[in-house]
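Chemist: Please see the structure below; I have some questions.
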Amino acid sequence: MSPRTGRHGGGPVFVVGAGPGIGASVARRFAREGHPAGLIARDPGRLQSIADDLRKDGHTAAAVTGDITDPGDIARALGELTSTLGVPDVVCFSPLPAIRLIRPVVDTTAEDVEGALALTVVGATAVVQAVLPGMLDRGSGTLLFTTGGAAVRPSPERAVSAVAYAGLSSYVDLLSRALPQRGINVGRVTIVGAVGPGLTHEPADVAEHLWRRHASPAETVTVLT
C-alpha cells in the first residue's frame with residue numbers, strides 16, 4: 001500500500017505517544033480509512049506490539065522509538081517515519097501524562113513543572129515544527145492533540161496537569177488561528193475522566209472523535225465528559 005495525500009485520502013497518520021489505549025485506537029481508526037500508521041513512543045516493545053496488530057489486520061504500519069521530551073530526538077523519529085511513509089496527512093499528539101509528577105500545588109516543584117511542560121508544550125511544539133513544513137508545502141494536513149480534563153477543570157491537587165494542559169491548550173488555540181487559512185486543520189479533544197476499557201471513556205470512542213475532527217473540521221475543541 002503506497003502513501004497518498006489529501007485530507008480524505010490515505011496519507012499517513014503519525015501517532016506521537018502511541019500507547020495501547022488512545023494511541024493504538026487512533027492508529028486503528030485511521031488505518032481503517034486507508035491511512036498508513038506511523039507510531040512513535042519510547043517503549044520499543046509496546047510499539048512493536050501495536051504495529052504487529054495493525055499489520056495482522058492488513059494495514060501498513062511503521063514504528064520508531066522517540067523521546068517526546070527531547071526535541072532533537074522527536075524530530076529524528078518523525079524524520080524517519082516521513083522517509084518511510086511520506087509526509088503525514090495527520091499527526092496526533094497524545095502522550096500519556098507522567099503520573100509521578102502529579103501532586104498538590106503546594107508540593108509541586110520547579111522540576112515537576114519543567115518535566116510536565118517538556119512532555120506537553122515543548123514536545124508538541126517540537127512535533128509541529130518537524131511536520132509542518134511538509135504539510136505547508138503540500139497545502140493540506142491535520143494536527144490533532146489530546147489533553148486531560150485538567151485543561152477545563154483545573155484542580156490544586158493535580159497542579160502540573162493544570163499548568164501543562166493550560167499551556168498546550170493555548171498553543172493549540174494559536175495554531176488554530178494561524179493555520180486553517182493555509183490549509184492545515186487543527187483540533188483538540190479534551191477528555192474529562194478516566195480512559196480505558198470499561199471506564200468513563202473507551203479508547204475507541206476517543207479515537208472516533210479524533211477521526212471526526214480530521215474528517216469534518218468544525219470547532220477546534222471537543223470536550224468529552
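Chemist: Can you give me the number of residues within region 150-159 that are in contact (Cβ under 8 Å) with a residue 60 or more places away in the chain and in contact with a Leu (Cβ under 9 Å, 6 or more places away or on another chain)? Even if it seems obvious, please write down each step before you answer.
Modeler: Step one: filter region 150-159 for residues in contact (Cβ under 8 Å) with a residue 60 or more places away in the chain, giving 152.
Checking which are in contact with a Leu (Cβ under 9 Å, 6 or more places away or on another chain) leaves us with none.
Counting residues in region 150-159 that are in contact (Cβ under 8 Å) with a residue 60 or more places away in the chain and in contact with a Leu (Cβ under 9 Å, 6 or more places away or on another chain) gives 0.
Chemist: Could you check region 108-225 for helices (runs of 4 or more DSSP H) lying wholly inside it with 1 or more residues that are touching a His at 6+ places or on another chain (Cβ under 9 Å) and loosely packed, with under 15 Cβ neighbours inside 10 Å?
Modeler: Working: elements: 110-117, 123-138, 159-178, 203-215.
Per the criteria, 203-215.
Chemist: Any residue at all in region 93-103 that's surrounded by 15 or more Cβ atoms within 10 Å (Cβ to Cβ), in a helix (DSSP H, G or I) and aliphatic (A, V, I, L, M)?
Modeler: Yes - at least one qualifying residue is present in region 93-103.
Chemist: Look through Leu132, Leu175, Leu136 and report the one residue that is under 25 Å from Thr225 (Cβ atoms), touching a strand residue (DSSP E or B) at 6+ places or on another chain (Cβ under 9 Å) and not aromatic (Phe, Trp, Tyr).
Modeler: Leu175
Chemist: Among the residues of region 97-106, is there at least one that is under 18 Å from the mean Cα position of the chain (by Cα) and within 23 Å of Ala178 (Cβ to Cβ)?
Modeler: No, the conditions are met nowhere in region 97-106.
Chemist: Continuing with the same structure: Name every residue in region 38-48 that is surrounded by 14 or more Cβ atoms within 10 Å (Cβ to Cβ) and closer than 15 Å to Gly21 by Cβ, in order of residue number.
Modeler: Answer for region 38-48, where residues must be surrounded by 14 or more Cβ atoms within 10 Å (Cβ to Cβ) and closer than 15 Å to Gly21 by Cβ: Leu39, Ala41, Arg46, Leu47.
Chemist: If you don't mind, there's one more thing I want to ask. May I ask you to verify whether Ala63 is within 15 Å of Val128 (Cα to Cα), aliphatic (A, V, I, L, M) and under 15 Å from the mean Cα position of the chain (by Cα)?
Modeler: On the way: within 15 Å of Val128 (Cα to Cα): no; aliphatic (A, V, I, L, M): yes; under 15 Å from the mean Cα position of the chain (by Cα): yes.
For Ala63, the condition - within 15 Å of Val128 (Cα to Cα), aliphatic (A, V, I, L, M) and under 15 Å from the mean Cα position of the chain (by Cα) - is not met.
Chemist: Could you tell me which residue of region 70-86 is nearest to the chain's Cα centre (by Cα), considering only residues that are surrounded by fewer than 20 Cβ atoms within 10 Å (Cβ to Cβ) and among the β-branched types (Val, Ile, Thr)?
Modeler: Thr82
Read the figures in this text as sums done on the coordinates, not as results from a lab. Quantities reported herein were computed from a predicted structural model and do not represent experimental measurements. Glycine gets a Cβ as well: all are built from the backbone with ideal geometry, and neighbour counts include every protein chain shown.
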